[in-house]
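The values are calculated or read from the model by the stated rules, or taken from the named source; none is laboratory data. Note that the coordinates shown come from a computational prediction; the quantities given were computed from them, not determined experimentally. Here Cβ is always computed from backbone atoms with ideal geometry, including for glycine, and neighbour counts include all displayed protein chains. Ligands, DNA and RNA are stripped out before the accessible areas are found, and what is left, the full protein with its side chains, is counted by its heavy atoms. Shrake-Rupley method; radii C 1.70, N 1.55, O 1.52, S 1.80 Å.
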Amino acid sequence: MPRITLLTDFGSADGYVVAMKGAIVSIAPDSYIDDAAHDLAPGDVTGAAIALWRYWRLYPARTVHVVVVDPGVGSERRGLALEAEDRFLVGPDNGVFTHVLREARRVRAHSLTAREYFAPTISDTFHGRDIFAPVAAHIANGVPLELLGPVMDDPVRLEWPEPRRDGESITGEVVHADRYGNLITNIPADWCERGVRVWIGGRGAPILRTYSDAAQGQLVALIGSLGLMEVSVRDGSAADDLAVGAGAPVTVGV
Amino acid sequence: MPRITLLTDFGSADGYVVAMKGAIVSIAPDSYIDDAAHDLAPGDVTGAAIALWRYWRLYPARTVHVVVVDPGVGSERRGLALEAEDRFLVGPDNGVFTHVLREARRVRAHSLTAREYFAPTISDTFHGRDIFAPVAAHIANGVPLELLGPVMDDPVRLEWPEPRRDGESITGEVVHADRYGNLITNIPADWCERGVRVWIGGRGAPILRTYSDAAQGQLVALIGSLGLMEVSVRDGSAADDLAVGAGAPVTVGV
Amino acid sequence: MPRITLLTDFGSADGYVVAMKGAIVSIAPDSYIDDAAHDLAPGDVTGAAIALWRYWRLYPARTVHVVVVDPGVGSERRGLALEAEDRFLVGPDNGVFTHVLREARRVRAHSLTAREYFAPTISDTFHGRDIFAPVAAHIANGVPLELLGPVMDDPVRLEWPEPRRDGESITGEVVHADRYGNLITNIPADWCERGVRVWIGGRGAPILRTYSDAAQGQLVALIGSLGLMEVSVRDGSAADDLAVGAGAPVTVGV
């Protein structure tokens, strides 16, 4: 039985996540269900896309990754099932799959239109329970994507700000702040040389190898686990210290 | 092997939840354990009852739902095992099962008195680990409720405020605020007609079909996924904007 | 297939926990993975050690407990695999295993040096994904600790403040505050007699059996589920009311 993972902004106080689990298990009773993360900020599609990027390909083939960060629930936004490098993904067509679409060598996407794979009654406010969970369970049971709906050629992608090189200087921006206050930028690891300095929020930081190479409370840049440059404060929060977040400009120069 | 779900107010920082999981697995080693939710406000029995309502019947027959929101631990309050429409439920007899008792067509309840199904040593502060988890594991292993203790005829029910109709106007109240700041009321879907207005905290709101039918920041009423009217702010929090919570009066009128 | 538990300070908003799950499942596909807790304060090694204490021995033999609270990631701190009373434990050698080392009758520890059990590429900031998860999965698959690296005789232990007896009075301290604001002390249950009073933060409290024996809002001491004296406020938070935390002195006297 393949695994199913769940990524949502439902928190852990209301029973929304477990309602999805119940809907899955009623269709695919032997599923392993792994919680991905549920404390995403409400409606944070960008954060969901970055979180998904961290794990979708680490799981083995046939895993079904469900993402429900869905501020447009009940609107005309489409539902989506993807196959990307033998993993399946299910969720709203609002950009949560942006980095899968950027990274995967082969992707095919189907729009979710076949109501026989949905719950018998569909609410207007909780498609996680009534559409995405049942569809994921049917995929785990072996239902091919072709039966779920027509091929879709243009799934929504969030705009990803590309960093720029200008002579010796690089300009990028913060794309996400994580739980630790690490500021994740769009600047890839192979653009970063040791010895240069990073400038953000009016302050400069050296590029070091890891947190422990910094002094307590020091602002540093390093290569994070997504292969992107991050700005951090050792044993502290760069987001708090600099009072910046997503969109803040970052420059790298001598 | 049936599933076991866990709903608690234990949070995710102290190891209380996983102590329950260990106690379960030591008795029923092949259990699938699904986390329901653990960030309920400490002692929020009403919130637990509403969360459980969202999923207890979505799971298949023989699932064991454990609920440990238990401010009266160690007191004379009884422990309870229920069978309701072929699902099992285990927890303190303090009202957390209120909506199961309201909804289920058949329920039988047993008081937990047979100490051979508890842990060998029972603390005065953590019956989740020492009573409810072991009992749930034994039920998952097939122990019939009859062996756990005598039938109980009067499990505790929280008072559920019934909404009232008075001519053309309906009066109800907020019963819960969820993570998004949605204000869930006790007014059922079939009492709500489009075109009428909902009044709460001195403000009026139209009844719409879904969030996307509202403007950004607009106060709206809609039918939530429990089949109850909810008051929401699109991409915002009605609880914060109106500064109201459980108990706040809601009226529906022309 | 044995269980694997995960205890981290990764929170539930960034996908770090599920990246570890993916790394485990890619090596040990049939693993049951139980979340322990993920909302530990960033870098709270002491809190992790206490949380682990609550469950490591409740799980059956062959369980693999993974702990990643790892502020020294990327430094020279060693990685560790332990066998303690037939359970396995994996994580950084920074003190998170202190109470396992104190409690277990037999422990053997191995340093993690055999890179063939790590991920092919190892980041400098996320050994949870690149070292500890793969090693845990290999242990679950049956790889003996001997293959992971050499025996280590001196795993790091946090200093545990021992309580002192001085005539009729006992002096101890708070070692942790939990989610409820309960102040867990280092004073063991069998040092506590009913009838004596506990002094903390300038206030006195009786030793009672359980929360329900206290009045609403009353400051009380009782024996917690770790077998240690705790100071609590019924239906409130002792940590908030007294404005104290770890390190605060506690005395017991007549």
Qualifying residue in the range B:13-29 (condition: assigned to a loop (DSSP other than H, G, I, E, B), out of contact with any Leu (no Cβ under 7 Å at 6 or more places or on another chain) and farther than 19 Å from C:LEU52 by Cα): yes
Looking at this structure, is C:PRO155 open to solvent by less than 40 Å² (accessible area, probe 1.4 Å) and either closer than 25 Å to C:LEU40 by Cα or of a type outside the set (A, V, I, L, M) (or both)? yes
For A:PRO29, work out the one condition from (1) more than 25 Å from B:LEU226 (Cα to Cα); (2) without any contact (Cβ under 8 Å) to a residue 12 or more places away in the chain it doesn't fulfil. (1)
Here's a check for you: in the range B:1-36, which residue that is of a type in the set (S, T, N, Q) and within 7 Å of another protein chain (Cβ to nearest Cβ) is nearest to B:ARG179 (Cα to Cα)? B:SER12
Members of the range B:234-251 found to be in a strand (DSSP E or B), among the aliphatic types (A, V, I, L, M) and open to solvent by 10 Å² or more (accessible area, probe 1.4 Å), listed by number: none
Would you mention how many residues in the range A:37-54 are open to solvent by less than 10 Å² (accessible area, probe 1.4 Å) and either hydrophobic (A, V, I, L, M, F, W, C) or at the interface with chain B (Cβ under 7 Å from one of its Cβ atoms) (or both)? 7
Pairs needed: first member in the range B:55-76, at positive phi; second member anywhere, assigned to a loop (DSSP other than H, G, I, E, B); C-beta distance under 8 Å; at least 6 residues apart or different chains. B:ARG62/B:PRO2; B:ARG62/B:ASP86; B:GLY74/B:ASP124; B:GLY74/B:THR125; B:GLY74/C:ARG209; B:GLY74/C:THR210
Among the residues of the range C:169-216, write down those that are more than 14 Å from every other protein chain (Cβ to nearest Cβ), in a loop (DSSP other than H, G, I, E, B) and touching a strand residue (DSSP E or B) at 6+ places or on another chain (Cβ under 7 Å). C:VAL196
Are any of the residues in the range C:60-68 outside any loop (DSSP other than H, G, I, E, B), buried (at least 19 other Cβ atoms within 10 Å of the Cβ) and out of contact with any strand residue (DSSP E or B) (no Cβ under 8 Å at 6 or more places or on another chain)? no
State yes or no: is B:ARG115 open to solvent by 30 Å² or more (accessible area, probe 1.4 Å), of a type in the set (Lys, Arg), modelled with pLDDT of 95 or more and over 21 Å from B:TYR55 (Cβ atoms)? yes
Starting from the range C:91-106, keep only residues that are more than 24 Å from C:GLY74 (Cα to Cα) and open to solvent by 20 Å² or more (accessible area, probe 1.4 Å), then list their pairs with residues that are assigned to a strand (DSSP E or B) and among the charged types (D, E, K, R) whose Cβ atoms are within a distance under 9 Å, requiring at least 6 positions of separation or different chains. C:ARG106/C:GLU83
